[in-house]
Amino acid sequence: MDEGLISKIVAEVVRRIKALEGVALNEVNDPPVNLVTEDVVRHVVARGGDTVYVTPKAIVTPLARDLVRHQKVRLVVVADEEAVAAAENPKSFAIAIGADYRGFELKEKMKAWLQSIGREVIDCGGHSPQEGSYVPIARSVAECVVTENLFAGIVIDGDGTSSIVVNKVNGIRGVACHDVTSAKYARAHVDANVLCLGVGTVGDTMAQEIVATWLSTPFEGGRFATRVREIGEIENADRKIDSAG
């Protein structure tokens, strides 16, 4: 018999034995993930697995959720160090959110979604579709992040220009993101703590993908920590000038 065929038969027998024992192929070695994307699910399916292990506060993107249903993939929650830290200090994972009249509807949807994945959400306004200027709302979100020592803040307006406002608050690194890539690098490279979204530039699904990526991407540190420190030095220098004046 062909050796290649024998190898395939052996591999299939092993796979079936593990399945009978209730052990998924990706069960032993895969650490729990904070973000489940379409690529994560496809990777598990491609290697014959049927389970994605996730942290208690994991984010599942809309496209990944559809693929999970279609491929009948299981999502199994596994506690990790971050989950323990969140339980000990809930504020460290809380999110402040605010929006002007243009972003009000998306803010309400985003708030409900964040709460559904276990995040504490502090609503800084507006509290109706009639509230106008994003300026005081953006300031409120930024100040809440700093004074309450929150994990992050989100401001939703028409085009993301509220980032100008939040960056006037000491200790804030605000970014306007229009796609997943910019959200990823905003967190990984500058440890951004306020995300600004514009409803005129992103739809609801893309906004959720952006927030999911932004929340689950860790700061890389290293040479990027130097950049963050340099940003802080400029901020502190400006504050000294204001005090002297």
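The values are calculated or read from the model by the stated rules, or taken from the named source; none is laboratory data. Owing to the predicted nature of the structure, the values given are computational and were not obtained by experimental measurement. Reconstructed Cβ throughout: ideal geometry from the backbone, glycine too, with neighbour counts over all protein chains shown.
Here are some notes:
- Condition check for Ala79: modelled with pLDDT under 80 and closer than 17 Å to Thr217 by Cα: no
- Residues in segment 145-192 that are in contact (Cβ under 8 Å) with a residue 40 or more places away in the chain, surrounded by fewer than 22 Cβ atoms within 10 Å (Cβ to Cβ) and under 17 Å from Ile122 (Cα atoms): Glu148, Asn149, Leu150, Phe151, Ala152.
- Conditions (1) modelled with pLDDT of 80 or more; (2) in the same structural domain as Gly125 (by TED's automatic domain parsing): number failed by Arg69: (2)
Conditions tested, residue by residue: (1) within 20 Å of Asp100 (Cα to Cα); (2) over 15 Å from the mean Cα position of the chain (by Cα); (3) at pLDDT 95 or above.
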site	(1), (2), (3)
Pro136	yes, yes, yes
Cys144	yes, yes, yes
Ile154	yes, no, yes
Asn167	yes, yes, yes
Gly171	no, yes, no
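- Matching strands (runs of 3 or more DSSP E) fully within segment 93-171 where at least 1 residues are within 21 Å of Val190 (Cβ to Cβ) and in the same structural domain as Gly200 (by TED's automatic domain parsing): 95-99, 152-157
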